[in-house]
Structure formats: structure tokens, C-alpha cells
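J.: Okay, here's the structure, questions in a sec.
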Amino acid sequence: MSEIPILSILIFIPVVGIFFMLLIRNNDDQSSQNLKHTALWITFLNFIISLSLLFSFDLNNPDFQFVEKYAWIESGISYHLGIDGVSILFVILTTMLVPICILASYESIKFSVKEYLISFLALETFMIGVFCSLDLVLFYLFFEGGLIPMFLIIGIWGGERRVYSTFKFFLYTLAGSVFMLLAIIYIFISTGTTDVETLLVYNFTTNEQLILWIAFFTSFMVKIPMWPFHTWLPDAHVEAPTAGSVILAGVLLKMAGYGFIRFSIGFFPDASEFFAPFIFSLSVIAIIVTSLIALVQEDMKKLIAYSSVAHMGFVTLGIFTFTVQGIEGGIIQMISHGIVSAALFLCVGVVYDRLHTREIARYGGLVSKMPFYSFSFMIFILASLGLPGTSGFVGEFLVLLSIFTVNTYFAIFATTGVVLAATYSLWLYRRIIFGALIKDDLSEMFDLTRREIIIFLPLIILTVFIGLYPKPIINIIEPSTEKIVNQIKMKLD
Amino acid sequence: MAHSIILLPLIGFLISCSLSFFKSNKFIDRAAEIITSLFITITAIFSFYIFIDNIGDPSFVSIKLFNWISSGSFNADWSIYLDTATRVMLVVITSVSALVHIYSVGYMSHDDSKPRFMGYLSLFTFAMLMLVTADNFLQLFFGWEGVGLASYLLIGFWYKKPTANAAAIKAFIVNRIGDFGLALGIFTIFIVFGSIEYQTVFNNVTSFKNVNFNFLGIELHALTLICIFLFIGAMGKSAQLFLHTWLPDAMEGPTPVSALIHAATMVTAGVFLVVRCSPLFDLAPVALDFVVLIGASTAFFAATVGLVQNDIKRVIAYSTCSQLGYMFVAAGLGAYGAAMFHLFTHAFFKALLFLGAGSVIHAVHEEQDMRKMGGISNFVPITQLMMIIGTISLMGFPFTSGYYSKDAIIETAYLSNSNFADYAYILLTVGVVMTSFYSWRLMFLVFNGKTRMAEEDLSKVHESSSVMLIPLIILAIGALFFGFLFKNYFIGYYSDVFWNGSIVVHHEDHHSIPLLIYYLPAILGIAGFIIAWFMYIRKSDMAKNIAELNKPLYNFLLNKWYFDELYNSIFVKPAMAIGQIFWKFIDGLIIDGYGPNGIAALVSRISIKAKQVQSGFIYHYAFAILIGLSIIITFIIFRF
């Protein structure tokens, strides 16, 4: 397409923003206020531009759209961008969450504001890049590049054990990705290209598939994360500042889910089919085990972090069923989790900003002081436990439906996760919100400010809207999903 | 009109809950009460109109509103599906709901968050209406979980009470276990039938009569499996044995809630589900046997527990549990019409009993323990009269509503050839005596005998205001006459026309019943009354003596057969313990210990060792160079 290179614009607007922000030199309150406004407006602008994708997106076209392709390193490696029904929503999810993160950091970040905001803008560039890349080298660059700003965000602006957590996070994911890099190098050597579109129709031999699949899987498994490689996530979440948790849960985990759909099952269908029972087992273990762990947590953020692992278990279950419902369910579950878990971490942030503790036992009876907060929190808790009518239900239902058609054993165990989710979610809510307000330091609590309401409102609307009328979303996803499923079927036959 | 039946409660809910965010004052409270009550009353009038309009010549309407989830070949719409079964439910839901809304204006008059309460009631009504007007299983599931949510919110309405919160969570989670079954049922239906729309499923059911489904590696009769899954859902919602534990605890909620949700409507959703799916169940005899077995056992179990409870609301709750068992027995024996009929009459007399109990609780200053009541009949004559009407209807006194519907069920059990028909007949018949006994025990303990209240409390006992009494009177009319008025439609002569194919109707010959069997339930009911009268009025210390003599049995019943303790030790505690183990031991010690932390420790140990090599002394380095050199030389020499 010779029109405006809209994806490049989306990727590089934050970079331009970084340059603007570097021009603001002083270090007083006024200038940090200006920095925050600048960052907010830049990311908001990016969000508006990304919405234009929705209007010019061709719903009937299952192929990549808004394609840009320029020669880059060698003939086989190019700067190749494009999005289809699978990736477009992740781009918009990213551009939506970043301004929300910046808004959420307005009060809570007290020092090195400029560096903090620059990290976020850089992170946005990398995240959008991941979902738009149609070249493995480019993808890898963006995928790994995102680690650096995240490493800084947790390591500098995090809580007490931030250094341990951020190294754990960084090294864990980096170690996982080394194998992916090796696989990409192998792919380039044996096929002469790293172009995703070309590779999607390339047939690897079965042995190649098995090895390469494992290499990609190692990287994504750590990132999504799957049991037993999940232990970095609770630590990272607990120590990260609120906005860091939001982005981590909202977008970074989804990169891996996206990678599974695009690369693992796209490139290596035979291997994926071979390994599917293995994935199912790990997912089901994750769903049940991490739900049980969530049940006994005493730290709000840890609880939500463990529940994230369980929710991601549904995603991997759905993807590896190779059915339209399963993959669509997985994608919707990721989008929904991106909204809901982000919102839940924001909910924790609200009370953390006021009382500076994440310990559940320190709270209780907040509803009498904070009705709006309690209402918002309730909506997200209900979405998290998958109540019909919220976004959490749609994805979970489709995933469970698809896994039931494939294998009833796994379906039964996965469905018990729904019961457990209700247990830990409502139990968390009850301990924080309900009961009599008797603890002394809670009497100073005040309800959501206008800024916080602005943060929560779009998330509430989306949660309920997707829950009641997911058709627009499914319309976007369906053609590309069907194409992927058909391709797999063709390759497998 | 059909649209407004659904929409008005929703709008009422939205308005009222928005009002609840404002600072409470008289105007806002009144506005919320009037708006919600008015909207539901209009809905009730519409529902009655539609019901009566279609009673002789039923129509069938199915409206698709808009698409909900469609993915691949899966499709579910938001819809309004109006057949006779739905219309019956509409009448039950909206009329009881309207009366409960009005009653709540009086009952909750001292509460400081009225808009929230009225809003939740409307939310519940909306969800329940969505449940019954679904044209597919997914919208049913929406309503199913939606009523669960409303029930959770209303049980925990007094959120400062820890017991209320615990009960609310328990209700939601036990229901979720049932929903788990329902969800599996829906999945199986989709796989077997390729659709989850009622019409597609029910119209094609005969062609899937002999289909098998591979479940957990076992080839099972698909319809049986589906029906058992659906029934597990029904067991959760309708508080049947093993999944019943939430219902008595749910009595922590305000009494109007108990009347609406835990007596008349939500708990009957399970019965509705079975009846709605009667085309499926009818072809799955094993599943039907299971329904009879569970229904009859629950009817018996709950009645035994009801005999000894001291909390006025818990007695009625166990009674509800037991009566739901009767309905399931009817459905399980193929008498779906009788199940719906008992559902219909039960809604009125049980709501009446609950609201009456609320009136009593109000009169005696929020006391629920019957051991602290007694002798108040002179102070609350209308309430007592209304509760007597509810009680005689419940015990099946001739010509009241309960008489027609309950007798129909017992007769069906007598006539049926089903595997568990005899079992059911015996338990239900024994249940009749117990029902009558515990109902009259309640009445005598509350109203008669010598008072056990403090002197100054007794003097303040007063009759409720008319806003609470009028709903009681209206319900009493239903409890007395609806059985007689509608029996020919539900189970009698007109039943084929009335149901118009919306449920499966079988005809039995009730004329072959011996006269003794025919009159037995009524006789037993009266016997139960006499026993209760003897034990609690005539010789008022007799009950205590019997309890003393049979201490183990009494405790067994009083502690509800120890289900809560059992579940606590086999589910709740192990779940917590496993969570702890996986968190602290597996995650903390094993995964982190050998994974990231272990590797990190290893790396630092190696680097400490490596550090020692760099001593800084020249002769150490010279020595190392010498050794290396000699190794290289050796290597070169031997190589060549």
C-alpha cells in the first residue's frame, strides 16, 4: 500500500515524543507536570491514530493489511510491518493502556519523572512493534527491546525488593528468548528468509518443526507465563509500580500469546499438534494450581498476579485446540484479561496510593467510605471470575467449549478453574470492601478522584460492552482466525 | 409488551442503583422505591395479561433481539421466547417480585441504603426474566449466573455482618459448582446437536435418541449425559441434596429477599430447567431416575432437618428445600406439568410464609429465634391469619392451592412404574407428615403458648403497616385459590391445549387410585397438625423430653446431618492447604530454589571459586603459564 505508513507512525510517535521530552530540562514540579502532560497527550494522540485503523480495516480480508515493506539488512531480512484480525486488537489495547498508565502515575511517581515517562514511551514503541512486525528479526528486536524499559521501571520505581524482582524478570525472560534467537538464526540459514508471510506457507520438516517449536515455546512459555515457569511474575508484579503492573499484565503477557498463535501454530503445525496434550496439561495444572495458590495469598497484587497465570492458562488451552472457537476465545480472553487485570491492578493502586500497603488484612469495610471504588472493583472482580455479561465470560466460554470438543478430560479440570476463580475473587473482594470499617487508619480513606474515575470509566464500559455484545470484536478476529485454522488443517493433511 | 417486561426491571435497577450513589435522603429513597415498585408492578400486570390472554388458545412467540456470541458454527442470540412454560414463570416471577418490592418499602423503612436494596431486587428480577425468556442455553446461563449474582449481593446486603458475607460467598460458590455442571451440559449439547438453540435441539431430539458421546474415554448415551449435567446445574440452583448447604445460610439476607429469591423464584429455576428440557429428559430414563432419587431424598432429608431448627427462617428454608424435592420427583417421573403446577402454587404460599415470617420478625424486634417468641397472636392477628393460610396450603389441606399440586405429585409417584417410584412415594408420604408437623410447630412456637419474650419487649410487639400486610393478603388469595382455578390447565383436562407443546405432557389415569391412597396425604397432614398441637400446646415440655431422650439423633438433625462440617473438612481445608503447599513449598522452595535462585546461587559460587584464582601474585600466574605450556607441548608431541 502506497498510502500513509500508519503502522510506522504508530510505532515511532512515542520516539518523537521522547525527543520532545528531552527538551524539557528543569527538574522542578512545574516541569515534571509538563512532562506528564506531554507524555499523556502524545500517547493519547497515538491512541486516536490507532483507532483510525479500525475504520480503515477491511473486515472481509483475512490477510495482512496496512503492509509496509522495505529492504533492511539482507535480501531475506526486511522492515516488514502489517496487521491482521489477530493483531489489530492488541495494537489498540496497547495504545489504550499506555495513556491510562501515564494517568495512573500522575500522583504516585515522585522522582525521576522524566526518565520514568521516557521508559513508558519507549516501551510503547516496542510493544506496538511486536504486534506489527512481519519479520522475525524485527519481531525479536521489539520483543526483547521491551525488556529494557520494563527492567528499569521495576528496578528503579519499584518496591522494596525491586532489584531481586527485576533481575529475576529480566534474566528469566532473556534466558527463554535465547532459544528463540537461535531458532530464528536457524530459520534464516535454512530458508534464507525471516519474512513471516513467506514462512507461513513454508513447510518445515517434522524434525525441524519439533526442535524449532521447542525453541519458540521456551521463550513464550516463560513470558506468558506457564506453570512451572511462572514464579517471576508474582515477584515482578508485587514490586512493580502500579502502571508497571498494568502494562505487564495488560500487554507484555499477551506478546507471548500472540507469538503462540502467529508463530508456534502458524509455522509448526505438526509439532504443535504433537505437543498439544503437553500444553493442555501444563495449562490445566496452571489453572488449578495457581488458583489454589491465589486463594491463600495475603498480598493483593500477588493474588491478582497468580490469577493472571490461571487466566493465561485458558488462553493456551484455547489456542492449541486449533479450532475457530478456541483461538477466538483465546484472543478474546487475552483482550479481556488485558482490560480486566489492568483494571484490577489499578484498583490495587488506588488504595495503595492512600494507605501504602498491599496487605489484604490491613483493609476491610471500604465500601462505606468508597462507594464508587467498590462499584468499579466489583465490576472487574465479576469479569475476572467470568460472569456472563462481562468480557471475561466470552473468552472463557469459547475456550472451554473448544477444549471440550477436543478432549473432555482437560475440559473437566479446566472448568473447575471457574469455580476456584469465583472463590478467590469474591474472597479478596469481601476482605477489602465488605465488613465493618473498624481499622483506624482506614477512616481517612476517600473515594475515587476525578482523575481516577477517568481512568476507570473506559475500562468499565469496555468490560461490559464486550460482555454483552462482543460481535464487533469477533467480526474483526474471525476472518483471520478462520484462515489460520484452515492453513493448519491444510498443512496437517 | 414482551420487550417492556424485560426492560422495565432493568431500567428500574439502573435508576435505583444510580440513586444509591447519592447521599441518602427522603426524596431519593422515595423515588427509588416508587420507580422500582411501579415498574415491576407494570411488568406484573403485563405478564398476567399475557398469561390470561393465552390460557385458552396459547400462542408461541420468539423474538430475536440481537446477536450475542457467534464464533465459527457457534451462535447465541439475545432473545425473548414466549411459550406457555415461560408465561407461567413470568406470572410467578413478576407478581411475587412486585409484591416483594412493595413489601420491602415497609420492611426496609429503617434501613439507610434503600435505593441499593430496591435496585438489587430489580436486578434480580431482570436476571430471572432473562433466564426464563431465553431461546437458547447460553442466555439461560446468563440469567442463571445473573440471579446467582443478585442473590450474592442480596444475601450480603448487610455487608457489615461477617455471617452475611460468608453466606453470600458460600451461596455463589456452591451455585458455581452447579453451574459447572450446567456449562458441561451446554458444551455437550453443542457438540451433539451442533446448536444450543431450544428449537433446533428439541425438534431434532428424536434423531439423536441413540447417539453416544465419548466422555472421559467412556461411550455414554449422549442424552443421558446431557441431562445429568443439566440436572447438576439444577441441583445447585434448587438446593438439592449435596448442593443444598447454601440455602439455609442464605437466610442471612433480608427477609423479602428470602421470599423472592430463596422461595418463589430463583430456587425454582432448577425445576424450570428440567421442565424446559423435558423433551431431552423424556428420552433419558437413567437421568430421570437420578432426578427422582435426588428429589425424593432431598424432600425427606430437608424435612427431617426442618423438624428441629429454631430459627424461624431456617425452618421455612428447609421446607423450601424439601418442596423443591417434591417438584423434582414429579419432573423425574415424567409429570412435568405437575412439577410446574407445584412450582406455581408453592411460589405463592411459600412467599406468603416468608413475608409473614418477616412481619413476625419485625414485630418482635428483629429476633429470629423461635425460642424467644411465643404468645404474640393477639398482637399480630392479621399476620397470624395470613401465616395460617400459608401453612394449610403448604401442608396440603383440602381445596387449598398446595393440596392440588402436592396431591398430584404423590399420586403420580404412587402410579408410576419408574425404578425409584416406590422409594419416592414412601419418602414423600412421610414427608407430608413432617411438613405439616414442622409448619405447625413453627406456628405454635411463634404465636401460641406462653410467651418467652421479655416483658418490655412483649409490650412493644405490634402489627405491621398496611404496606406490608396488603402483599400478604394478595399472596394469601393465590395460596388459597390458584390451585383450584388453574388445576385443569396445568395437569387436568385442558393440559394439552394449555402447554401447547412447550413441555412434554403424559396422561395418567388417576381414577384407578384407591380411596385410601387418595385421601392419605390429607389425613397425614392433619395427623402432623395433631402431633404438633399435642407436643407444643397440650404438653409443652414433651418436645424437650423427646429431644433429651434421643440426644444423638436430635443433634444429628440440629446440625443438618453435619454436611457443613463434612464439606469443610474434605473441600475447604484441603483446598487451602494445597494452596499453601504449592505456594510456599513447590513455588518457593522447589521451583525458585532450584530454578532462578538456585542458578543464581550456583553462578555466584562458581565466580567465588574463580575469583580465588586471581590472587595477584606473579608466581601464581607464572606457575599457571608453565603448566599450560607443558600441556600444550605434550599435546603437540603426542599428536604428531
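J.: Taking the criterion of being at positive phi and either among the hydrophobic types (A, V, I, L, M, F, W, C) or at pLDDT 80 or above (or both), would at least one residue in region B:553-561 satisfy it?
T.: At the first step, the residues of region B:553-561 found to be at positive phi are B:560-561.
Still in the list and also either among the hydrophobic types (A, V, I, L, M, F, W, C) or at pLDDT 80 or above (or both): B:561.
Yes, that holds for at least one residue.
J.: Further question on the same structure: Being closer than 28 Å to A:Pro472 by Cα, open to solvent by less than 10 Å² (accessible area, probe 1.4 Å) and in contact with a Ser or Thr (Cβ under 8 Å, 6 or more places away or on another chain) is the filter; apply it to region B:65-91 and report the residue that is nearest to the other protein chains (Cβ to nearest Cβ).
T.: Residue satisfying both the conditions and the ranking: B:Ala76.
J.: For the structure I just gave you, tell me whether A:Phe397 is assigned to a helix (DSSP H, G or I), within 25 Å of the chain's Cα centre (by Cα) and of a type in the set (A, V, I, L, M, F, W, C).
T.: Numbers: assigned to a helix (DSSP H, G or I): yes; within 25 Å of the chain's Cα centre (by Cα): yes; of a type in the set (A, V, I, L, M, F, W, C): yes.
Against the criterion (assigned to a helix (DSSP H, G or I), within 25 Å of the chain's Cα centre (by Cα) and of a type in the set (A, V, I, L, M, F, W, C)), A:Phe397 qualifies.
J.: Follow-up. Suppose we filter A:Gly417, A:Gly386 for residues that are more than 7 Å from chain B (Cβ to nearest Cβ) and without any contact (Cβ under 8 Å) to a residue 40 or more places away in the chain; which single one remains?
T.: Unique residue meeting the criteria: A:Gly386.
J.: Look at B:Ile578 and say whether it is more than 14 Å from every other protein chain (Cβ to nearest Cβ), closer than 22 Å to A:Thr416 by Cβ and part of a helix (DSSP H, G or I). Before the answer, list the steps.
T.: Details: more than 14 Å from every other protein chain (Cβ to nearest Cβ): no; closer than 22 Å to A:Thr416 by Cβ: yes; part of a helix (DSSP H, G or I): yes.
For B:Ile578, the condition - more than 14 Å from every other protein chain (Cβ to nearest Cβ), closer than 22 Å to A:Thr416 by Cβ and part of a helix (DSSP H, G or I) - is not met.
J.: Across region A:401-414, which residue is nearest to the other protein chains (Cβ to nearest Cβ) among those that are touching a residue at least 40 places away in the same chain (Cβ under 8 Å) and open to solvent by 10 Å² or more (accessible area, probe 1.4 Å)? Please lay out each step first, then the result.
T.: Applying the first criterion (touching a residue at least 40 places away in the same chain (Cβ under 8 Å)) to region A:401-414 yields A:401-403, A:405-407, A:410, A:413-414.
Applying the additional criterion that residues be open to solvent by 10 Å² or more (accessible area, probe 1.4 Å) yields A:405-407, A:410, A:413.
Details: A:Thr405: 5, A:Val406: 10, A:Asn407: 10, A:Phe410: 11, A:Phe413: 11 Å.
Among those that are touching a residue at least 40 places away in the same chain (Cβ under 8 Å) and open to solvent by 10 Å² or more (accessible area, probe 1.4 Å), it is A:Thr405.
For (1) out of contact with any strand residue (DSSP E or B) (no Cβ under 9 Å at 6 or more places or on another chain); (2) within 14 Å of another protein chain (Cβ to nearest Cβ); (3) closer than 21 Å to A:Ile88 by Cβ; (4) open to solvent by 10 Å² or more (accessible area, probe 1.4 Å), each residue gets a yes or a no:
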| site | (1), (2), (3), (4) |
| --- | --- |
| A:Tyr106 | yes, no, no, yes |
| A:Ile128 | yes, no, yes, no |
| A:Phe142 | no, no, yes, yes |
| A:Ile156 | yes, no, no, yes |
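J.: What number of residues in region A:324-352 are open to solvent by 10 Å² or more (accessible area, probe 1.4 Å), within 21 Å of A:Pro234 (Cβ to Cβ) and either of a type in the set (D, E, K, R) or within 14 Å of chain B (Cβ to nearest Cβ) (or both)?
T.: 0
J.: How about region B:174-206: which of its residues are free of Cβ contacts under 8 Å to residues at least 40 places away in the same chain and more than 20 Å from B:Ile503 (Cβ to Cβ)? It would help to see each step written out before you state the result.
T.: Within region B:174-206, the subset free of Cβ contacts under 8 Å to residues at least 40 places away in the same chain is B:187, B:191-193, B:200, B:203-204.
Within region B:174-206, B:Phe187, B:Ile191, B:Val192 qualify.
J.: Would you mention how many residues in region B:272-303 are open to solvent by 10 Å² or more (accessible area, probe 1.4 Å), of a type outside the set (A, V, I, L, M) and not in a helix (DSSP H, G or I)?
T.: Number satisfying all stated conditions: 1.
J.: I'm told B:Ser258 meets every condition in (1) within 14 Å of another protein chain (Cβ to nearest Cβ); (2) within 28 Å of B:Tyr152 (Cβ to Cβ); (3) not hydrophobic (A, V, I, L, M, F, W, C) except one. Can you identify the failing condition by its number?
T.: (1)
A quick yes/no check of all residues on (1) within 26 Å of A:Val196 (Cβ to Cβ); (2) part of a helix (DSSP H, G or I); (3) away from chain B (no Cβ under 14 Å):
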| site | (1), (2), (3) |
| --- | --- |
| A:Ile265 | yes, yes, yes |
| A:Ser281 | no, yes, yes |
| A:Thr290 | no, yes, no |
| A:Ser308 | no, yes, yes |
| A:His311 | no, yes, yes |
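J.: Among the residues of region A:58-72, is there at least one that is in a helix (DSSP H, G or I) and farther than 13 Å from A:Asp84 by Cβ? Break it down stepwise before answering.
T.: In the first step, residues of region A:58-72 are kept if they are in a helix (DSSP H, G or I); the result is none.
No, region A:58-72 contains no residue that is in a helix (DSSP H, G or I) and farther than 13 Å from A:Asp84 by Cβ.
J.: Next up: As an exercise: evaluate A:Asp195 against (1) acidic (Asp, Glu); (2) loosely packed, with under 15 Cβ neighbours inside 10 Å; (3) touching a strand residue (DSSP E or B) at 6+ places or on another chain (Cβ under 8 Å) and give the number of the one condition it does not meet.
T.: A:Asp195 satisfies every listed condition except (2).
J.: Give me the residue from region B:370-386 that is open to solvent by less than 30 Å² (accessible area, probe 1.4 Å) and out of contact with any Phe, Trp or Tyr (no Cβ under 9 Å at 6 or more places or on another chain) and, out of that set, farthest from B:Trp499 (Cα to Cα). Reasoning before the result, please.
T.: Taking region B:370-386 as the starting set, the residues that turn out to be open to solvent by less than 30 Å² (accessible area, probe 1.4 Å) are B:370, B:373-377, B:380, B:383, B:386.
Next, from what is left, pick out any that are out of contact with any Phe, Trp or Tyr (no Cβ under 9 Å at 6 or more places or on another chain): B:370, B:386.
Working: B:Met370: 43, B:Met386: 32 Å.
Per the stated criteria, the residue is B:Met370.
J.: Residue by residue through region B:106-117, note down the ones that are closer than 14 Å to B:Ser258 by Cα, in a helix (DSSP H, G or I) and open to solvent by less than 10 Å² (accessible area, probe 1.4 Å).
T.: Of region B:106-117, the ones closer than 14 Å to B:Ser258 by Cα are B:107-108, B:117.
Those still in the list that are in a helix (DSSP H, G or I) too: B:107, B:117.
If the condition is that a residue be closer than 14 Å to B:Ser258 by Cα, in a helix (DSSP H, G or I) and open to solvent by less than 10 Å² (accessible area, probe 1.4 Å), then B:Phe117 is the only one that fits.
J.: Could you run through region A:461-475 and say how many residues are part of a helix (DSSP H, G or I), open to solvent by 20 Å² or more (accessible area, probe 1.4 Å) and either free of Cβ contacts under 8 Å to residues at least 12 places away in the same chain or not polar (S, T, N, Q) (or both)?
T.: Here is the first cut: in region A:461-475, the residues part of a helix (DSSP H, G or I) are A:461-468, A:471-475.
Next cut, open to solvent by 20 Å² or more (accessible area, probe 1.4 Å) only: A:461-462, A:464-465, A:468, A:471-473, A:475.
So of that shortlist, the ones also either free of Cβ contacts under 8 Å to residues at least 12 places away in the same chain or not polar (S, T, N, Q) (or both) come out as A:461-462, A:464-465, A:468, A:471-473.
Residues that pass the stated criteria total 8.
J.: For region B:202-217: of the residues being in a helix (DSSP H, G or I) and of a type outside the set (Ser, Thr, Tyr), which is farthest from the other protein chains (Cβ to nearest Cβ)? So that I can check it myself, show each step before the final result.
T.: The initial filter retains those residues of region B:202-217 that are in a helix (DSSP H, G or I), namely B:202-203, B:205-208.
So of that shortlist, the ones also of a type outside the set (Ser, Thr, Tyr) come out as B:202-203, B:205, B:208.
Values: B:Phe202: 20, B:Asn203: 22, B:Val205: 20, B:Phe208: 16 Å.
Here the residue is B:Asn203.
J.: I want to confirm something. Restricting to region A:362-383 and keeping residues that are farther than 17 Å from A:Phe465 by Cα and of a type in the set (Ser, Thr, Tyr), which single residue is farthest from the other protein chains (Cβ to nearest Cβ)?
T.: Of region A:362-383, the ones farther than 17 Å from A:Phe465 by Cα are A:362-374.
Checking the rest, the ones that are also of a type in the set (Ser, Thr, Tyr) come to A:363, A:368, A:373-374.
Details: A:Tyr363: 14, A:Ser368: 8, A:Tyr373: 11, A:Ser374: 9 Å.
Going through the qualifying residues, I end up with A:Tyr363.
J.: Among the residues of region B:145-158, count how many are more than 8 Å from chain A (Cβ to nearest Cβ) and outside any loop (DSSP other than H, G, I, E, B). Break it down into steps so the answer makes sense when it comes.
T.: Of region B:145-158, the ones more than 8 Å from chain A (Cβ to nearest Cβ) are B:147-148, B:150-151, B:153-155, B:157-158.
With outside any loop (DSSP other than H, G, I, E, B) added as a condition, the list becomes B:147-148, B:150-151, B:153-155.
Of the residues in region B:145-158, 7 are more than 8 Å from chain A (Cβ to nearest Cβ) and outside any loop (DSSP other than H, G, I, E, B).
J.: Here's another thing I want to ask about it. Would you point out the residue of region A:353-389, among those that are of a type in the set (Val, Ile, Thr) and open to solvent by less than 10 Å² (accessible area, probe 1.4 Å), that is nearest to A:Ile461 (Cα to Cα)?
T.: As a first pass, look at region A:353-389 and keep what is of a type in the set (Val, Ile, Thr): A:357, A:360, A:367, A:379, A:381.
With open to solvent by less than 10 Å² (accessible area, probe 1.4 Å) added as a condition, the list becomes A:360, A:381.
Working: A:Ile360: 27, A:Ile381: 14 Å.
Of everything passing the filter in region A:353-389, A:Ile381 is nearest to A:Ile461 (Cα to Cα).
J.: Right, A:Ser391: among the small types (Gly, Ala, Ser), more than 11 Å from chain B (Cβ to nearest Cβ) and more than 30 Å from A:Ser281 (Cα to Cα) or not?
T.: Details: among the small types (Gly, Ala, Ser): yes; more than 11 Å from chain B (Cβ to nearest Cβ): yes; more than 30 Å from A:Ser281 (Cα to Cα): no.
Answer is no for this residue.
Residues checked against (1) over 17 Å from the mean Cα position of the chain (by Cα); (2) in a helix (DSSP H, G or I); (3) more than 9 Å from chain A (Cβ to nearest Cβ):
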residue: B:Leu129; (1), (2), (3): no, yes, yes
residue: B:Gln139; (1), (2), (3): yes, yes, no
residue: B:Lys160; (1), (2), (3): yes, no, no
residue: B:Ile173; (1), (2), (3): no, yes, no
residue: B:Arg176; (1), (2), (3): no, yes, no
residue: B:Ile186; (1), (2), (3): yes, yes, no
residue: B:Phe190; (1), (2), (3): yes, yes, no
residue: B:Thr200; (1), (2), (3): yes, yes, yes
residue: B:Gly233; (1), (2), (3): no, yes, yes
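J.: Return the residues of region B:15-53 that are under 29 Å from the mean Cα position of the chain (by Cα), open to solvent by less than 20 Å² (accessible area, probe 1.4 Å) and not aliphatic (A, V, I, L, M); say none if nothing qualifies.
T.: Those that are under 29 Å from the mean Cα position of the chain (by Cα), open to solvent by less than 20 Å² (accessible area, probe 1.4 Å) and not aliphatic (A, V, I, L, M): B:Ser16, B:Glu33, B:Thr36, B:Ser37, B:Thr43, B:Ser47, B:Phe51.
J.: Here's another thing I want to ask about it. Under the condition of being surrounded by fewer than 21 Cβ atoms within 10 Å (Cβ to Cβ) and under 20 Å from the mean Cα position of the chain (by Cα), which residue from region A:423-460 is farthest from the other protein chains (Cβ to nearest Cβ)?
T.: Checked region A:423-460; the qualifying residue farthest from the other protein chains (Cβ to nearest Cβ) is A:Pro458.
J.: Somewhere in region A:97-113, is a residue over 15 Å from the mean Cα position of the chain (by Cα), closer than 28 Å to A:Thr191 by Cα and of a type in the set (D, E, K, R)?
T.: Scanning region A:97-113 turns up no residue that is over 15 Å from the mean Cα position of the chain (by Cα), closer than 28 Å to A:Thr191 by Cα and of a type in the set (D, E, K, R).
The values are calculated or read from the model by the stated rules, or taken from the named source; none is laboratory data. Everything quoted here is computed from the prediction, not taken from an experiment. Positions of Cβ are generated from backbone atoms using ideal geometry, with glycine treated the same way; all protein chains shown enter the neighbour counts. Calculation scope for accessible area: heavy atoms of the full protein, side chains included, ligands and nucleic acids excluded. Shrake-Rupley method; radii C 1.70, N 1.55, O 1.52, S 1.80 Å.
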